[in-house]
Amino acid sequence: MERIAIIGLGLMGGSLGLALKKNRAPYVITASSRSPHNRQLALQRGAVDRAFERPFDAARDASLVVVCTPVISIPSMVELIRPALKPGAIITDVGSTKAWLMDEVPKLLKNSDAIFIGSHPICGGEQSGMDAARDDLYEGAMVVVTPPKKVDEDLLSTISNLWKFVGANFQSLEAAEHDRIVARTSHLPHLAATLLSTTVGRSATENMAGFCGSGFRDTTRVAAGDAEMWHDILKTNRESVREELVAYRAQLERMIGLLDHRDFDGIRRLLDEGKAARAALLAGPT
């Protein structure tokens with residue numbers, strides 16, 4: 001039976017193992033994690049067949065390797081497992097930025113028969129670790145795959161089949177285009193939630209907790225996400241994120257200008273515009 005290796009047993013890696021097992025995917029699953037707790041829990045929950053501390057040991061003889069670690073660490077993980085890779089092995093990942101990885105990782109595989117095809121499952125949560133893993137995380141999610149310019153269709157099918165096994169939808173995009181889109185739809189909302197949280201909580205001398213209702217909780221939920229992961233995302237997608245922050249700043253300045261001029265009809269129009277934009281976005285393509 002074909003072997004798949006999962007490098008990293010946090011929310012994404014642990015959920016991938018659980019989903020593959022739940023859907024009876026035809027893989028023997030090995031995994032690695034520095035955390036003894038995550039390794040033990042993954043085995044107890046039946047997410048993996050074998051768990052190792054070293055990525056090298058998990059990747060040995062695997063036909064497919066999925067790196068589920070923070071974006072910045074993915075190239076170093078690939079470098080660690082490269083000597084263990086079997087000829088023709090495919091490496092993919094779950095990172096939220098792709099252009100930087102599609103530039104860095106292939107350079108590490110120059111003298112190898114392995115190939116890197118980037119993946120980004122658009123799902124997740126503010127919790128982390130194997131404790132937070134669940135077998136339905138990927139169901140109905142969009143997974144964007146960013147293949148090299150020249151890639152064998154059979155290799156691309158292997159990646160698409162992986163994500164189909166866990167109930168995800170599959171779309172192929174050029175890496176830079178992917179990063180431009182997710183900067184607007186994912187990275188900007190996270191920063192907006194973060195900045196809103198720091199703004200509301202800016203005064204340590206005032207007790208605001210009792211005044212923070214469901215509106216505050218709903219709009220800032222993602223700010224509870226892993227800071228290390230988001231640091232990596234912003235570092236590797238800096239230009240696209242900055243462009244979206246500039247666009248967001250323009251909307252903030254627009255609202256401030258309307259308030260300054262007591263233009264309450266304009267404020268009403270802006271509120272209606274925001275409501276309509278949200279409805280259109282969540283309705284999906286027509």
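The values are calculated or read from the model by the stated rules, or taken from the named source; none is laboratory data. In this text the structure is predicted, and so the values were computed from the model without any measurement. All Cβ positions, glycine included, derive from the backbone under ideal geometry; neighbour counts span all protein chains shown.
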> Looking at segment 262-282, is at least one residue farther than 30 Å from residue 100 by Cα and part of a loop (DSSP other than H, G, I, E, B)?
Replying inline: yes
> Here are some conditions: (1) among the polar types (S, T, N, Q); (2) part of a loop (DSSP other than H, G, I, E, B); (3) at pLDDT 95 or above. Residue 92 meets all but one. Which one does it not meet?
Replying inline: (2)
> Of the residues that sit in segment 217-251 and are part of a helix (DSSP H, G or I) and acidic (Asp, Glu), which one is farthest from residue 72 (Cα to Cα)?
Replying inline: 218
>> Among the listed residues 246, 241, identify the single one that is in contact with a His (Cβ under 6 Å, 6 or more places away or on another chain) and not aromatic (Phe, Trp, Tyr).
In response: 241
> What number goes with the only condition from (1) under 18 Å from residue 12 (Cβ atoms); (2) of a type in the set (D, E, K, R); (3) free of Cβ contacts under 8 Å to residues at least 40 places away in the same chain that residue 149 does not pass?
Replying inline: (1)
> Are any of the residues in segment 194-216 in contact with a His (Cβ under 7 Å, 6 or more places away or on another chain) and either outside any helix (DSSP H, G or I) or surrounded by 10 or more Cβ atoms within 10 Å (Cβ to Cβ) (or both)?
Replying inline: no
> Since residue 56 meets every condition but one in (1) without any contact (Cβ under 8 Å) to a residue 40 or more places away in the chain; (2) in contact with an Asp or Glu (Cβ under 6 Å, 6 or more places away or on another chain), which condition does it not meet?
Replying inline: (2)
>> I need a count of the residues in segment 245-264 that are farther than 23 Å from residue 180 by Cβ and in contact with a Leu (Cβ under 9 Å, 6 or more places away or on another chain).
In response: 3
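Specify which of the listed residues (62, 42) is in contact with a strand residue (DSSP E or B) (Cβ under 6 Å, 6 or more places away or on another chain), over 20 Å from residue 229 (Cβ atoms), in the same structural domain as residue 161 (by TED's automatic domain parsing) and crowded, with 17+ Cβ neighbours inside 10 Å.
Details: 42 fails: over 20 Å from residue 229 (Cβ atoms).
When all the criteria are applied, what remains is 62.
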> Conditions: (1) among the hydrophobic types (A, V, I, L, M, F, W, C); (2) touching a residue at least 12 places away in the same chain (Cβ under 8 Å); (3) touching a Leu at 6+ places or on another chain (Cβ under 9 Å). Residue 196 meets all but one. Number of the miss?
Replying inline: (3)
>> With the structure loaded, tell me whether residue 222 is in contact (Cβ under 8 Å) with a residue 12 or more places away in the chain, closer than 21 Å to residue 128 by Cβ and either β-branched (Val, Ile, Thr) or exposed (fewer than 10 other Cβ atoms within 10 Å of the Cβ) (or both) or whether it fails that test.
In response: yes
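Given the residues 49, 57, which is the only one that is more than 18 Å from residue 91 (Cα to Cα) and of a type in the set (Asp, Glu)?
Values: 57 fails: more than 18 Å from residue 91 (Cα to Cα).
49 is the lone residue from the list that is more than 18 Å from residue 91 (Cα to Cα) and of a type in the set (Asp, Glu).
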